[in-house]
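For reference, the structure is listed below as structure tokens.
The values are calculated or read from the model by the stated rules, or taken from the named source; none is laboratory data. All values reported here derive from a predicted model rather than from experimental measurement. Reconstructed Cβ throughout: ideal geometry from the backbone, glycine too, with neighbour counts over all protein chains shown. Remember, those area values only see protein heavy atoms, side chains included, never the ligands or the DNA or RNA. Shrake-Rupley method; radii C 1.70, N 1.55, O 1.52, S 1.80 Å.
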Amino acid sequence: GPISDRAHVRLKAPVGTDLLYDTHATAFVLAQLLVQAIADADPERSRAAMEAFETRAQRAHYFLRGEQ
């Protein structure tokens, strides 16, 4: 991609053309695995970051809970 020259590390996610959602699924799964590995490396920090995000999201009403 256009920004890959700036990256310190590049992860390649090969995709096929046999399935309609192959391209989307590969990148999505790779991103999920990367985020999980980051969280596993420092679980306490990850939990604190998620709790801080949830607090900000609740204050800003990022997500609706059936209320309209």
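Laid out as a table, the results:
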| quantity | calculated |
| --- | --- |
| Probe 1.4 Å, accessible area per residue of the chain, Å² | 101 |
| Under 12 Å, Cβ to Cβ, from A39 - net charge with Lys/Arg +1 and Asp/Glu -1 | -1 |
| Exposure ranking of F53, F28 by accessible area [1.4 Å probe, largest first] | F28, F53 |
| Degrees between helix 43-60 axis and first principal axis of the chain (Cα, 0 to 90, nearest 10) | 60 |
| Net lengthening on full extension, R6/Y62 (0.36 nm per residue, minus Cα-Cα) | 17.0 nm |
| Share of carbon and sulfur in the accessible heavy-atom surface of the chain [1.4 Å probe, %] | 58 |
| Helix-derived mean residue ellipticity, 222 nm - over the chain, DSSP H n ≥ 4, -39500 (n - 2.57), to 500 | -19000 deg cm²/dmol |
| Label-point gap, in nm, between D18 and R47 - each point 7 angstrom along Cα→Cβ | 4.2 |
| Cα shape, the chain, gyration tensor, a/c 1.5 rule | oblate |
| Surrounding net charge for F53, when Lys and Arg each add one and Asp and Glu each subtract one, Cβ distance under 12 Å | +1 |
| Accessible surface of T55 - all protein chains present, 1.4 Å probe, nearest 10 Å² | 60 |
